[in-house]
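The values are calculated or read from the model by the stated rules, or taken from the named source; none is laboratory data. Remember, predicted model here, so these are calculated numbers, not experimental data. Here the Cβ is made from the backbone with ideal geometry for all residues, glycine too, and neighbour counts use every protein chain on show. For the accessible areas, the whole protein counts, side chains as well, though only heavy atoms, and no ligand, DNA or RNA atoms are used. Shrake-Rupley method; radii C 1.70, N 1.55, O 1.52, S 1.80 Å.
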Amino acid sequence: MGRSVRVSVGIFAHNEEGTIGEVIDAFLGQRTETSEIAEVIVVCCACTDRTLDIVKKVARADVRVRVLERERREGKVAAINAFLAVARSEVVIVSGGDVIPEPHLVERLVHPIQADSRCAMTGAKVVSRVGKRTVTAMLHKMLWHLHHEVARIAPKLGETVALRRSMLPERLPPGVHCDEVLMESLVVSCGGTLAYVTGATVYNHPPRRLAGLYGQRRRIACQHANAYSLLRYRPATARLRNIVAAVAVIVCRDSRSWLWLIGLAILEAIAKFHGHLDFRLGHRYRVWRPAGR
């Protein structure tokens, strides 16, 4: 067995009082063998609820937890740069304050980076934590099911990712506000490879309302258009052949999924149209309003 790999976890939060305690506890309680949680750095951006108080309470109880308080919201990339400036480990994990990791997440995300010197970025399988079976919740669940099938074809990494620190610049460059796409492009441009780790799972929550889900998809479409204009890089979910192949897999497994796939396709088509229109009108979504739960 090789040496233990030290890992710095970055958690990014804006008004996440409902989940932040569970998220931090889940990272502190990770079951690891060849990796070590050296520190958990929580970047709190302009929080106006109890998020900061909850994080500070946990930090007083566990020396591995550190708090970075930012008075203004300046975008996810700026918050990641603040984390990278103080993170001390050779592998870093970037995750949201509302994304719940399963107990083996860190070990499984780090393993491909340990095993292959070319592997520089890994991502987890995202599962929508659905409570009530509302239209919004079911569309959200299907969205992440589709992401999973696409990522099995060609890695598309999101929500929670692990990165080899040496493959990133000292600071992420400004201008692109979709952080996972930006980091994917930086890794690939340096000769690194991506890996989708199906055995590593995180859980997120659907928005309460359809308008919230639509707003998310519109923002992401705009951010992807901006990323492509600057980087000439498209994530795997932006390639039609990957989507067609993923849809075929889902339908073959469950023919009843057609209804939700059609509904999702309609929502995505309209959101992409508005997102590209936003881009042409100069909107960039550096900062955005959370969709809520």
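Going through Val150, Val161, Val130, Val126 one at a time, which residue ends up being at pLDDT below 95 and β-branched (Val, Ile, Thr)?
Only one candidate qualifies: Val130.
Being part of a loop (DSSP other than H, G, I, E, B), touching a residue at least 24 places away in the same chain (Cβ under 8 Å) and either open to solvent by 10 Å² or more (accessible area, probe 1.4 Å) or of a type outside the set (S, T, N, Q) (or both) is true for just one of Glu184, Glu170. Which residue is that? Spell out how you get there, then give the answer.
Working: Glu184 fails: part of a loop (DSSP other than H, G, I, E, B).
One residue alone meets the criteria, Glu170.
In this structure, is Val110 in contact (Cβ under 8 Å) with a residue 24 or more places away in the chain and in contact with a Leu (Cβ under 6 Å, 6 or more places away or on another chain)?
no
Only one of (1) surrounded by fewer than 19 Cβ atoms within 10 Å (Cβ to Cβ); (2) hydrophobic (A, V, I, L, M, F, W, C); (3) touching a residue at least 60 places away in the same chain (Cβ under 8 Å); (4) farther than 28 Å from Val287 by Cα fails for Ala61. Which number is that?
(3)
Based on this model, can you work out whether Glu71 counts as without any contact (Cβ under 8 Å) to a residue 40 or more places away in the chain, of a type outside the set (Val, Ile, Thr) and either over 20 Å from Glu159 (Cβ atoms) or open to solvent by less than 20 Å² (accessible area, probe 1.4 Å) (or both)?
When the stated conditions are applied, Glu71 passes them.
If you check Leu163 against the conditions, is it more than 19 Å from Gln216 (Cβ to Cβ), part of a strand (DSSP E or B), in contact (Cβ under 8 Å) with a residue 40 or more places away in the chain and open to solvent by less than 20 Å² (accessible area, probe 1.4 Å)?
yes
Hey, any hits in segment 259-269 for a residue that's within 22 Å of Val176 (Cβ to Cβ), open to solvent by 30 Å² or more (accessible area, probe 1.4 Å) and not hydroxyl-bearing (Ser, Thr, Tyr)? Break it down stepwise before answering.
As a first pass, look at segment 259-269 and keep what is within 22 Å of Val176 (Cβ to Cβ): 268.
Adding the requirement that they be open to solvent by 30 Å² or more (accessible area, probe 1.4 Å) leaves 268.
Imposing the further condition that a residue be not hydroxyl-bearing (Ser, Thr, Tyr) reduces the set to 268.
Among the residues of segment 259-269, at least one is within 22 Å of Val176 (Cβ to Cβ), open to solvent by 30 Å² or more (accessible area, probe 1.4 Å) and not hydroxyl-bearing (Ser, Thr, Tyr), which makes the answer yes.
With the checklist (1) without any contact (Cβ under 8 Å) to a residue 12 or more places away in the chain; (2) in contact with a helix residue (DSSP H, G or I) (Cβ under 9 Å, 6 or more places away or on another chain); (3) closer than 21 Å to Lys156 by Cα; (4) of a type in the set (A, V, I, L, M) in hand, flag the one item Val249 doesn't pass.
With respect to (1) without any contact (Cβ under 8 Å) to a residue 12 or more places away in the chain; (2) in contact with a helix residue (DSSP H, G or I) (Cβ under 9 Å, 6 or more places away or on another chain); (3) closer than 21 Å to Lys156 by Cα; (4) of a type in the set (A, V, I, L, M), Val249 is out only on (1).
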